[in-house]
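Report on one structure; see the data block that follows.
The values are calculated or read from the model by the stated rules, or taken from the named source; none is laboratory data. Because the structure is a prediction, the values reported are computed rather than measured. Ideal geometry is used to build each Cβ from the backbone, glycine not excepted, and the neighbour counts take in all protein chains shown. Note: accessible area is taken over every heavy atom of the protein model, side chains too, but ligands, DNA and RNA are not part of it. Shrake-Rupley method; radii C 1.70, N 1.55, O 1.52, S 1.80 Å.
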Amino acid sequence: MTTETVSGDEADTARRSTQPRQLIVTVYGLYSRESGGWLSVASLVSLLAELGVDEPAVRSSISRIKRRGILQARKEGGAAGYELSAEAVEILREGDERIFRRERATLGDGWVLAVFSVPESERHRRHVLRTQLTALGFGTAAPGVWVAPAHLRAATTSMLRRYDLDAYAEVFHAEHLAFGDLTDKIARWWDLDELHRLYEEFLGEHRAKLTRWTRPDERPDERDAFVDYVRVLTDWRRLPYCDPGLPAELLPPDWAGARAADLFFSLKTRLEARAHAYVSAGHRP
């Protein structure tokens, strides 16, 4: 469950149009799994109202998410609600490992290579395969050869099985032996300028929150913690998929991704428990 990378005015438009769906997925990922993946519609409407999303937008977004197979309707104790599908639970579990992973890959870890060959008669599968590898954060080393840090091995094989693409691909654990400067190659295989821009955008959007939460003369309440944490996590969770944790040795000096990660994990430390307390105190079904 990732968002597409767009730029400029398109990014602003996309963020406004898709944010309710993204916020709902974040809320489910954070707070529903403790209760079996289920939230009542009333609780979800109440929580999203705190985030500035009105009830019609919540219900419309739920319908779209349901059509994608992420949520399924179920009543509990007479209350209408939605639970995560089994596939969504697995995707969220894999997402936790990616989103909350602090450490970057190192050169010594090596790489995972995905090599695929899809018959022309099944080119729709080729499109799905390329889309999913891109969503995982792979770069393209050559036609039909995709590369990512080695820690994505399990996520890659899981994705290929989930989409019935394993018959068209081979997955290897590799190291770069020769030729050329790997730093230059990384800059060709991934759009580092765009990644840097996305990280700077995240810093610009959320830097003031850390100032607010570290100010000694101001103590925001648990509701504020919930609002800030859901918003910062919603904006953060796409970034580890755009940047698959590339080794710091291969990245430009003063890489914005390092500063963005410091900001996110500092806010997580300050907000996570308070936000959870807010939901548990009266907004859980």
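Answer yes or no as to whether ARG238 is within 30 Å of LYS75 (Cα to Cα), in contact (Cβ under 8 Å) with a residue 40 or more places away in the chain and open to solvent by 30 Å² or more (accessible area, probe 1.4 Å).
No, not satisfied.
Name the residue that is farthest from THR269 (Cα to Cα), counting only residues in the range 193-221 that are open to solvent by 100 Å² or more (accessible area, probe 1.4 Å) and within 22 Å of the chain's Cα centre (by Cα). Spell out the reasoning first.
Pass one, the range 193-221, residues open to solvent by 100 Å² or more (accessible area, probe 1.4 Å): 193, 205, 207, 216-217, 219.
Now drop any that are not within 22 Å of the chain's Cα centre (by Cα), which leaves 193, 205, 207.
Values: ASP193: 29, GLU205: 18, ARG207: 15 Å.
In this case the residue turns out to be ASP193.
Which one of the conditions (1) more than 21 Å from the chain's Cα centre (by Cα); (2) exposed (fewer than 14 other Cβ atoms within 10 Å of the Cβ); (3) small (Gly, Ala, Ser) does ALA169 fail to meet, given that it meets all the rest?
(2)
The conditions are (1) more than 15 Å from ALA169 (Cα to Cα); (2) small (Gly, Ala, Ser); (3) touching a residue at least 24 places away in the same chain (Cβ under 8 Å), and ALA114 fails exactly one of them. Which is it?
Failing condition for ALA114: (1).
Testing VAL232 on (1) assigned to a helix (DSSP H, G or I); (2) free of Cβ contacts under 8 Å to residues at least 24 places away in the same chain; (3) surrounded by 14 or more Cβ atoms within 10 Å (Cβ to Cβ), one condition comes back false. Which one is that?
In the conditions (1) assigned to a helix (DSSP H, G or I); (2) free of Cβ contacts under 8 Å to residues at least 24 places away in the same chain; (3) surrounded by 14 or more Cβ atoms within 10 Å (Cβ to Cβ), VAL232 misses (2) alone.
When the range 264-284 is examined, which residues are found to be open to solvent by 10 Å² or more (accessible area, probe 1.4 Å) and of a type outside the set (D, E, K, R)? Walk me through it before giving the result.
Here is the first cut: in the range 264-284, the ones open to solvent by 10 Å² or more (accessible area, probe 1.4 Å) are 265-266, 268-270, 272-274, 276-278, 280-284.
Within the range 264-284, PHE265, SER266, THR269, ALA273, HIS276, ALA277, TYR278, SER280, ALA281, GLY282, HIS283 qualify.
Would the range 21-35 turn up any residue that is modelled with pLDDT of 80 or more, over 19 Å from ALA277 (Cβ atoms), open to solvent by less than 30 Å² (accessible area, probe 1.4 Å) and small (Gly, Ala, Ser)?
No, there is no match, as no residue in the range 21-35 is modelled with pLDDT of 80 or more, over 19 Å from ALA277 (Cβ atoms), open to solvent by less than 30 Å² (accessible area, probe 1.4 Å) and small (Gly, Ala, Ser).
Given the conditions (1) closer than 16 Å to LEU23 by Cα; (2) out of contact with any Ser or Thr (no Cβ under 8 Å at 6 or more places or on another chain); (3) not polar (S, T, N, Q), report the number of the one that PHE116 does not fulfil.
Here PHE116 meets the rest and fails (1).
Of all residues in the range 68-90, which are closer than 25 Å to ALA155 by Cβ and surrounded by fewer than 19 Cβ atoms within 10 Å (Cβ to Cβ)?
First pass over the range 68-90, keeping only residues closer than 25 Å to ALA155 by Cβ: 68-72, 83-90.
Once the filter is applied, which keeps residues that are closer than 25 Å to ALA155 by Cβ and surrounded by fewer than 19 Cβ atoms within 10 Å (Cβ to Cβ), the range 68-90 yields ARG68, GLY69, GLN72, SER85, ALA86, GLU87, VAL89, GLU90.
Given the conditions (1) at pLDDT below 95; (2) in contact with a helix residue (DSSP H, G or I) (Cβ under 8 Å, 6 or more places away or on another chain); (3) open to solvent by less than 20 Å² (accessible area, probe 1.4 Å), and given that TRP190 satisfies all but one, which numbered condition is not satisfied?
Only one criterion in (1) at pLDDT below 95; (2) in contact with a helix residue (DSSP H, G or I) (Cβ under 8 Å, 6 or more places away or on another chain); (3) open to solvent by less than 20 Å² (accessible area, probe 1.4 Å) is unmet by TRP190, namely (2).
Regarding TRP255, is this residue closer than 26 Å to SER43 by Cβ, in contact with a helix residue (DSSP H, G or I) (Cβ under 8 Å, 6 or more places away or on another chain) and aromatic (Phe, Trp, Tyr)?
Details: closer than 26 Å to SER43 by Cβ: no; in contact with a helix residue (DSSP H, G or I) (Cβ under 8 Å, 6 or more places away or on another chain): yes; aromatic (Phe, Trp, Tyr): yes.
So TRP255 does not fit the description; no.
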